[in-house]
1. Under a crude label model (7 Å from the Cα following the beta-carbon direction), how far is Asn149 from Gln44 in nanometres?
2. In this model, which of Lys208/Lys317; Lys407/Lys469; Lys239/Lys317; Lys180/Lys359; Lys48/Lys93 are farther than 28 Å apart at the alpha-carbon?
3. Per residue of the chain, what 222 nm ellipticity follows from adding -39500 (n - 2.57) for every DSSP H run with n ≥ 4, rounded to the nearest 500?
4. Looking at region 268-400, send over the antiparallel percent of its DSSP beta bridges, to the nearest 5.
5. Just how large is the dipole of the chain about the Cα centre, in debye to the nearest 20, putting +1 at every Lys and Arg Cβ and -1 at every Asp and Glu Cβ?
6. Using 1/(1 + (r/R0)^6) with R0 = 22 angstrom and r between the beta carbons of Phe321 and Ile119, what's the FRET efficiency to the nearest 0.05?
7. Among rounded, prolate and oblate, which fits region 300-392 when a ≥ b ≥ c are the square roots of the eigenvalues of its C-alpha gyration tensor, a/c under 1.5 means rounded, and a/b larger than b/c means prolate?
8. Percent relative contact order of region 198-251, based on C-alpha pairs within less than 8 angstrom and at least six residues apart?
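Every number here is computed from the coordinates shown, using simple stated rules; none is lab data. Note that this is a predicted model, so its numbers are computed, not measured. Methodologically, a virtual Cβ is constructed for each residue, glycine included, from the backbone with ideal geometry; neighbour enumeration extends over all protein chains shown.
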Amino acid sequence: MSARKPEDTRKAPLKLRRVAIDTYHENVAFLNRNCELYRAEGFQALSKVEISTNGSRIYAVLNVADDDAIVRPDELGLSEQAFAQLGQQEGQKVCVAHTEPPQSMDAVRRKIAGDRLQIDEFRSITRDIVENRYSRTEMAAFLVASVQNGLDREEILSLTRAMTETGDRLRWDATLVADKHCIGGIPGNRTTMLVVPIVAAHGLLIPKTSSRAITSPAGTADTMSVLAKVDLGPEQMHKVVRKTGACLTWGGNAHLAPADDILISVERPLGIDSEGQMIASILSKKLAAGATHLLLDIPVGPTAKVRHMNQALRLRKLFEFIGDRLGLHLEVVISNGSQPIGRGIGPALEARDVMQVLKNEAHAPDDLREKALYLAGRILEFDPDVRGGQGFHLARDILESGRALKKMEAIIEAQGASRSVPFTAPLTVDICAAQKGVVTAIDNYQLTRIARLAGAPMDLNAGVDLYKKLGDEVEQGDPLYRIQAEFPADFNFARTRAEHDSGYRIGKADEVGKNYMEF
């Protein structure tokens with residue numbers, strides 16, 4: 001029998017197989033090493049391939065398997081994301097072909113060389129990223145070049161526009177659609193879940209889409225998931241907002257600025273933190289979510305994401321410039337980022353703090369309450385009927401009257417209440433002060449790390465519960481905080497790290513660090 005010619009193998013499609021592997025924002029295809037198409041076409045592992053059938057086409061990174069249990073010689077396997085994106089049934093015949101490198105890589109190479117890029121080049125790059133034409137290596141090259149050579153304000157504006165255009169946009173048919181965002185870095189800073197019901201109870205529209213945690217112990221969506229369903233699609237979001245004037249949902253189902261989600265999946269493991277990318281990321285999401293008015297919180301502190309006031313002021317100017325050019329009414333608050341906000345760090349513990357504030361309980365964390373009232377007041381002053389300086393008092397009245405709690409309960413009911421999650425966990429240990437004195441510093445990063453090692457946010461009731469804050473007096477052996485975890489391995493990791501470095505510094509009262517606070 002004569003050997004099959006290469007051109008014949010191209011006419012012999014492979015059967016589609018779903019490979020149950022989550023490759024997180026990266027399309028991955030699997031071919032068996034004994035596949036005739038693999039040998040005839042000269043495919044190489046980690047090369048990019050084009051997969052097509054029934055008018056559908058996707059691009060994927062090729063992996064080669066030697067195990068028929070993963071993929072047989074007559075099959076093409078696709079990871080979970082790639083399979084969903086192709087939108088076909090298992091067993092469907094698919095064609096596989098080589099694909100040319102994305103032309104927009106020429107622009108990336110220009111950026112590596114230090115050149116300025118134009119709007120059309122950013123559009124080409126972000127479009128190719130969303131179409132999965134870029135490998136993670138190529139995306140990393142773009143991100144590193146953007147950090148190394150910087151993005152000037154016109155490039156940031158262009159990148160923001162380009163990322164906004166890669167996905168859908170929510171439209172609310174309102175002249176004032178409020179939003180609030182914090183650039184992050186402060187554990188327990190769950191003010192959004194208080195701001196939204198306060199603002200909505202006043203009558204302003206505030207549809208809030210939030211992210212899940214990537215490097216923090218909890219994102220707003222993780223914490224809200226303790227109370228309500230958050231994975232709503234656009235139609236469900238509109239239904240909730242029409243009913244309550246607000247929502248608190250995960251933005252992943254809304255297809256808002258998807259280029260940003262993909263870039264973040266590469267950026268965070270590399271530890272890259274570009275100001276230009278951050279600004280474009282935040283504002284593209286807000287524009288896509290339909291916001292017309294945005295309040296932005298920049299916490300500043302020695303272990304926050306932004307550590308110096310001059311950096312915060314520079315970011316404020318950049319945000320205001322980009323927002324103005326994009327027709328977004330944007331105001332920036334520079335706040336105290338010297339320590340965690342509230343007591344709980346981790347989804348269930350942060351949800352507990354939020355509900356204590358909403359219920360006006362006497363032992364609710366004061367710092368979380370006061371910061372949320374200030375931020376909510378600033379947003380209420382977007383309303384032309386609210387005089388400047390009156391927002392805080394109005395927000396406080398809404399909270400103390402119980403209207404904010406009633407609104408939150410309406411939002412939870414409209415989104416669908418979650419099953420009850422305990423605020424405690426089976427494994428706990430108190431981390432105690434090694435000496436007598438005053439709490440002079442708290443390391444946000446260290447406590448974030450300890451809470452994540454304990455299992456947060458994957459385990460909703462894992463995390464850290466704080467007993468002491470800056471300026472508090474302690475005796476030797478006094479508990480500083482409690483670690484709680486669901487599983488022994490996580491518990492031991494977190495306890496070991498905390499025993500090595502608690503994240504607390506104990507000294508004299510005059511050693512307490514300066515607070516960076518605008519309010």
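1. The two pseudo-label positions are separated by 2.6 nm.
2. On the way: Lys208/Lys317 24 Å; Lys407/Lys469 31 Å; Lys239/Lys317 36 Å; Lys180/Lys359 22 Å; Lys48/Lys93 19 Å.
Checking Cα-Cα distances, Lys407/Lys469; Lys239/Lys317 exceed 28 Å.
3. Numbers: 19 runs with 208 residues, N = 519.
Mean residue ellipticity, 222 nm, calculated: -12000 deg cm²/dmol.
4. Working: 0 of 9 bridges.
Antiparallel: roughly 0 percent of the beta bridges in region 268-400.
5. Numbers: 65 positive and 69 negative charges, 103 e Å.
Dipole magnitude for the chain comes out near 500 debye.
6. Values: r = 16 Å, r/R0 = 0.72.
The computed FRET efficiency comes out at 0.90.
7. Verdict is oblate for region 300-392.
8. On the way: 71 pairs, mean separation 25.1, N = 54.
Across region 198-251, relative contact order equals 47 percent.
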